[in-house]
Every structure is written in structure tokens, then in C-alpha cells.
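Participant: Mind looking over this structure? Questions follow.
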Amino acid sequence: MVEFDLPASLQELLRPLTDLRPPMSAMPTLVGGGPPDAVAVACVEAIVGHHAITPALEAGLWLYVDELGRSHRVSQSIDDTTGSFWHGIMHRREGDFSNSHYWFRKVGDHPAMATIPGYEAHGFIDAVEAWSGAAAEDAEALVAMQRREWVTLFRFGAEAGG
């Protein structure tokens, strides 16, 4: 089970989005995913203007609703390892694996990811690239890791204030 475990005020701010799209149903595909859901996009648009939503959290929220273009615009403007991490995730999700590796090389060892057992960013990129329609169980495990990665980085951004 993927849980947010965020400060109560931030959890409440995100409630319309998480009621619409709980963490266990967010980001259901590894690459692509088609056009984002208009209702989910509207939820994020209503949330991102709040003072508690830093650029790093905004980049993550756009990924959460599969709005890769907006996530890219925000993440590429963040000049730190967390921004580079969101940027790398975005490129992996769009299927640009070499560019994803580039951004993860810029990240190095991110402190948030040490809390995920068995997670290694470059290995995960390679696994997603190699997946290409493998058994459903394999996709489920990769999607579950993708969700843990997102929640962990989002929680880190919330706790770090960005």
C-alpha cells in the first residue's frame, strides 16, 4: 500500500486530488499514458496556487496526473537535486530513457531514495525501458515502485519545504 504520510495541512489541501485519484491508482502506466484527465488537471490547477506548494511539489503534482509537459516546465526551472530528480522521472515517463539517465546522473545519491528498499534510479530506468510489454506482474511491480518513488520524493519535498 502506498500512503502519503504528509503533514495534516498538506494532506487536507491535496484531499480533492487524492479523493479523485488515490495514490494506489495514480500513474498507472510506466511510459506515456495518453492525455491527462481534465478533472484531475483542474484539481492540480486549484492546488498549485497555494503557498504550501513549492515548485518541487508542483512538478510532482503534474506527474501525479500525467501532465508531463507542465511537470517538465516546472522541474527544469528548479536548480537542485530534487528538481533534477523530478526532471529525470518525467523523462523516464515520457520514454526518453537516455535523457532520464542524464538527469539522474546530475542527482547522484538523493537522500530520499535511500529509504526505498531495492531502489536504484538507473536500474529502475533500465527496468522500465526493458519492460516493453512483459508479463502483467512485472508491470505491476514496476508501477508499484514508481508510486513509492513518487510518494517518497513528494514527502521529502514537503518535509524539506521544497
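The values are calculated or read from the model by the stated rules, or taken from the named source; none is laboratory data. Not measured: the values here are computed from a predicted model. Methodologically, a virtual Cβ is constructed for each residue, glycine included, from the backbone with ideal geometry; neighbour enumeration extends over all protein chains shown.
Participant: Only one of PRO28, PRO35 is in contact (Cβ under 8 Å) with a residue 60 or more places away in the chain, more than 19 Å from PHE156 (Cβ to Cβ) and in a loop (DSSP other than H, G, I, E, B). Can you tell me which?
Facilitator: Exactly one residue qualifies, and that residue is PRO28.
Participant: Let me ask something else. How many residues does segment 110-130 hold that are touching a residue at least 40 places away in the same chain (Cβ under 8 Å), buried (at least 16 other Cβ atoms within 10 Å of the Cβ), assigned to a helix (DSSP H, G or I) and not small (Gly, Ala, Ser)?
Facilitator: Looking only at segment 110-130, we keep the residues that are touching a residue at least 40 places away in the same chain (Cβ under 8 Å), and these are 110-113, 128.
Cutting the leftovers down to buried (at least 16 other Cβ atoms within 10 Å of the Cβ) gives us 110, 112-113, 128.
So of that shortlist, the ones also assigned to a helix (DSSP H, G or I) come out as 112-113, 128.
Among the residues that remain, those that are also not small (Gly, Ala, Ser) are: 113, 128.
Total satisfying the criteria: 2.
Participant: Which residue is modelled with the lowest pLDDT, if the candidates are limited to segment 111-162 and must be closer than 21 Å to ALA56 by Cα and among the small types (Gly, Ala, Ser)?
Facilitator: GLY162
Participant: Please pick out the residue among ALA40, ALA56 that is within 17 Å of TRP150 (Cβ to Cβ), assigned to a helix (DSSP H, G or I) and touching a Gly at 6+ places or on another chain (Cβ under 6 Å).
Facilitator: The match here is ALA56.
Participant: Based on what the data block shows, is GLY32 surrounded by fewer than 19 Cβ atoms within 10 Å (Cβ to Cβ) and farther than 14 Å from TRP150 by Cβ? Steps first, answer last, please.
Facilitator: Values: surrounded by fewer than 19 Cβ atoms within 10 Å (Cβ to Cβ): yes; farther than 14 Å from TRP150 by Cβ: yes.
For GLY32, the condition - surrounded by fewer than 19 Cβ atoms within 10 Å (Cβ to Cβ) and farther than 14 Å from TRP150 by Cβ - is met.
Participant: Search segment 11-25 for residues being aliphatic (A, V, I, L, M) and modelled with pLDDT of 90 or more, and hand back the single one that is farthest from LEU57 (Cα to Cα).
Facilitator: LEU20
Participant: Inspect segment 72-81 for any residue being of a type in the set (S, T, N, Q), part of a helix (DSSP H, G or I) and touching a residue at least 12 places away in the same chain (Cβ under 8 Å) and give the result as yes or no.
Facilitator: yes
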